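Below is one structure, written out as structure tokens; comments come after it.
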Amino acid sequence: MKRTLFLMILASLLLTGCNGLSYMRSHHGDVRYQATPDPVETRNNKVIVKFVGVIPQKYFDKKCAMFLQPVFTWDSGSIALEPMTLKGEDVSGAGTRINYEMGGRFTYTDMFDFRPGMETGKVTLAPVGYKASATDDVSRFAEDVMERNDGMLFSEVLISDGVNTTSQWIDIHGMISIAPVNYNKKEGVVDAADVYFPNGDHVLNWNFGMNRKYDTYNMFRDLKRIMLEKGLPKQINITGWSSPEGEERFNAGLSKRRADVVTEEFRKLLDEVLTVMARRAKVKQQDVEYYKYNLLKQVIITTRPAGEDWVHFVVMVENSDIEERHNVINVVETQQNLLKREQMLRNMAEVYPQLNEEIFPSLRRSQVALYYSEARKSDPELLKQVQIDPSRLSFDELMYVSYINYSYDAKMKYYKWATEHFANEWAAWNNAGAVAFYLDDLDEAERYLNVARELNPHNPDVLNNMGLLYMGKQDYSLAKYYFDEALQQGSTDAEQNIVILDLERGNYEDAMKHLKKKSCNFNLAYVQLASGEVNAAIRTLDCCLDQNAEVNYLRAVCYARLGDKANCYKNLKASLDQEYDYKYKAEVDVEFRAFREDPEFKEIIKLYKQE
């Protein structure tokens, strides 16, 4: 009887605190692994593998250790990630200790560079358990642990199926800072008079609302007084413009018709001036016309249709109180496709009524300008001259013509020329560096910006561009330093760029603080989606200025998360119509895995898939 009781106590002691490797292996299914998030996701072009493990009570042997090494496998290969060791209560050495009675939990984190094709990859884990008095701190791979410690391979578990790449939709095109343009096109102008026209019209009506508002009739008639007091100017320029939200070809003809009708009206006024001059000179009646003719030969009169007035549009938006004015300008300046740019402007007008109410009406005009000294060159003349011989332009003219040129390759060429011929001008170096960054040439951007910083170390434009440079180089500490410095110096561009920095680092809470005053912002929609505010993200995307492929794709992702198949497919189709290559992304995107076997989804991918 005593022997039996002794054996029972001994068996109990053996089982308590030490279930053994075989038990741990056979009950490995009781251990819970949870990827956070699930599936794993990309951030800043890296795959972040993070999961939590929960060890049940009375599972982990006090004298055992467990070697964990997740493996990421995709069609083109596999990557063994950083290993981690768990250890029982009686095991010394490195590792996370797990209590036998209470069990425990642990967190694993590692990352690696993302490559195209990894979207369908999987993270798996097959632990190796072994009995030991101390953990194996030498072996780096499962095979070595098994060989060195007579280890036992546990069953494989799936940590994550697929890689979520939605974070790659973050808009990382920050706001570059271009130095202010000091070129004054109106130098030499004694006075000018503007005449306004209704939308799409070229009929001169002095009772039109804008003409009454600015009393343009009296301002126009006042040109007669000026010429009678000062004499005839050396040059008279009559320029017609249109607002830029309409169709380009129509607007070009419309600006010509507006210039022509004002020219006709001005010639009547000029004839009145010449008649008074002839009377003052006591010219005989039979000689009046010849007298007028000789006076007119001394004056250069030009009539020019300028088409859509993009330059003044940008200036007026910059000087407006539109909250998102920098985004509006950035959209206009970076969109090379005129049709898309015009559509974007019409979208903007729906969001910002000030465009339709104040800015566009102010651009539908013709202007009569009187030059008593040499008139400045027109925009077309400057653009032509810089292509023929930029050395004939002053520094301010060169900066201006680079600013109004919509080709970033051309901007780079002219700013580079400016740095070579006006080496002490910080603005040339700053602008060259900013454009080089925009063109993804970080080495050139660094070279130019370092000189700009030496010439003007506390300038907010230079500091902001330095922040963009280091963000592009993924040196986030320096990027934040320069953005903070730029903010202190009054940069408004840095305020938007620091949001991108927060997003790149996954600091969604900080990003939301900076974006809380924004609206209709693509990055705001991404943060809302990442924070689980899916419906808010959809509303934000709905009012974005440019309803492009990226907006439609992210909106499709939003509806996919809501399980709204109809709206998901509608937006996905719209995105693929705009950007053909997105068909490849959609086909492997884990955001759509719930629909992957749906015949309608397959049909969408088939329709857009290259045969």
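Criterion first (of a type outside the set (A, V, I, L, M), surrounded by fewer than 20 Cβ atoms within 10 Å (Cβ to Cβ) and within 24 Å of the chain's Cα centre (by Cα)) does residue 575 satisfy it? Judged against the criteria, residue 575 is not a match. The single condition among (1) under 30 Å from residue 340 (Cα atoms); (2) free of Cβ contacts under 8 Å to residues at least 12 places away in the same chain; (3) part of a loop (DSSP other than H, G, I, E, B) that residue 206 does not satisfy is (1). For segment 578-597, filtered to residues that are closer than 16 Å to residue 561 by Cβ and assigned to a loop (DSSP other than H, G, I, E, B), the residue that is most open to solvent (accessible area, probe 1.4 Å) is 596. Just for segment 35-49: of the residues that are open to solvent by 10 Å² or more (accessible area, probe 1.4 Å) and either of a type in the set (Asp, Glu) or modelled with pLDDT of 95 or more (or both), which one is nearest to residue 155 (Cα to Cα)? Step by step, filter segment 35-49, then rank; the result is 38.
Of the numbered criteria (1) in contact with a strand residue (DSSP E or B) (Cβ under 6 Å, 6 or more places away or on another chain); (2) modelled with pLDDT under 95, the one residue 7 fails is (1).
Can you find, within segment 287-328, the residue that is farthest from residue 232 (Cα to Cα) among those that are charged (D, E, K, R) and in a strand (DSSP E or B)? This residue is 308. Give the residues of segment 225-237 that are open to solvent by less than 50 Å² (accessible area, probe 1.4 Å) and farther than 29 Å from residue 380 by Cα, sorted by residue number. If the condition is that a residue be open to solvent by less than 50 Å² (accessible area, probe 1.4 Å) and farther than 29 Å from residue 380 by Cα, then 228 is the only one that fits. The residues on offer are 246, 240, 200, and the sole one that is surrounded by 17 or more Cβ atoms within 10 Å (Cβ to Cβ), of a type outside the set (D, E, K, R) and in a loop (DSSP other than H, G, I, E, B) is 246. Among the conditions (1) more than 21 Å from residue 240 (Cα to Cα); (2) at pLDDT 75 or above, the only one that residue 331 does not satisfy is (2). Considering only segment 279-292, I want to know if a residue exists there that is free of Cβ contacts under 8 Å to residues at least 12 places away in the same chain, more than 30 Å from residue 401 (Cβ to Cβ) and aliphatic (A, V, I, L, M). Within segment 279-292, one or more residues are free of Cβ contacts under 8 Å to residues at least 12 places away in the same chain, more than 30 Å from residue 401 (Cβ to Cβ) and aliphatic (A, V, I, L, M). Within segment 348-358, the set of residues being assigned to a helix (DSSP H, G or I) and either without any contact (Cβ under 8 Å) to a residue 12 or more places away in the chain or more than 14 Å from residue 209 (Cα to Cα) (or both) comprises 348, 349, 350, 351, 353, 354, 355, 356, 357.
Can you give me the number of residues within segment 109-123 that are under 29 Å from the mean Cα position of the chain (by Cα) and either charged (D, E, K, R) or surrounded by fewer than 17 Cβ atoms within 10 Å (Cβ to Cβ) (or both)? Quick ask: steps written out before the conclusion?
From segment 109-123, those under 29 Å from the mean Cα position of the chain (by Cα) are 110-121; that's our starting set.
From the residues that got through so far, the ones that are either charged (D, E, K, R) or surrounded by fewer than 17 Cβ atoms within 10 Å (Cβ to Cβ) (or both) too are 110-113, 115-117, 119-120.
The number of residues fulfilling the criteria is 9.
For segment 253-282, filtering for residues that are in contact with a strand residue (DSSP E or B) (Cβ under 7 Å, 6 or more places away or on another chain) and open to solvent by 70 Å² or more (accessible area, probe 1.4 Å) leaves 1. Is it fair to say residue 306 is aliphatic (A, V, I, L, M), within 29 Å of residue 202 (Cβ to Cβ) and at pLDDT 90 or above? Considered against the rule, which asks whether it is aliphatic (A, V, I, L, M), within 29 Å of residue 202 (Cβ to Cβ) and at pLDDT 90 or above, residue 306 comes out as no. Restricting 566, 586, 511, 594 to residues that are of a type in the set (A, V, I, L, M, F, W, C) and closer than 30 Å to residue 480 by Cα narrows the list to 511.
Only one of the listed residues (223, 274) is part of a helix (DSSP H, G or I), touching a residue at least 60 places away in the same chain (Cβ under 8 Å) and not small (Gly, Ala, Ser). That residue is 223. For segment 286-327, the tally of residues that are open to solvent by 60 Å² or more (accessible area, probe 1.4 Å), in contact with a strand residue (DSSP E or B) (Cβ under 8 Å, 6 or more places away or on another chain) and over 23 Å from residue 350 (Cα atoms) stands at 3.
Within segment 166-181, if we keep just the residues that are β-branched (Val, Ile, Thr) and within 19 Å of residue 312 (Cα to Cα), the residue that is modelled with the highest pLDDT turns out to be 178.
Residue count for segment 508-543, restricted to those that are under 18 Å from residue 166 (Cα atoms), open to solvent by less than 50 Å² (accessible area, probe 1.4 Å) and in a loop (DSSP other than H, G, I, E, B): 1.
The values are calculated or read from the model by the stated rules, or taken from the named source; none is laboratory data. The shown structure was predicted, so the numbers you read here are calculated from the model rather than taken from an experiment. Using ideal geometry, Cβ is built from the backbone for each residue, glycine included, and neighbour counts are taken over all protein chains shown. We work out accessible area using only protein heavy atoms, side chains counted, and drop any ligands, DNA or RNA first. Shrake-Rupley method; radii C 1.70, N 1.55, O 1.52, S 1.80 Å.
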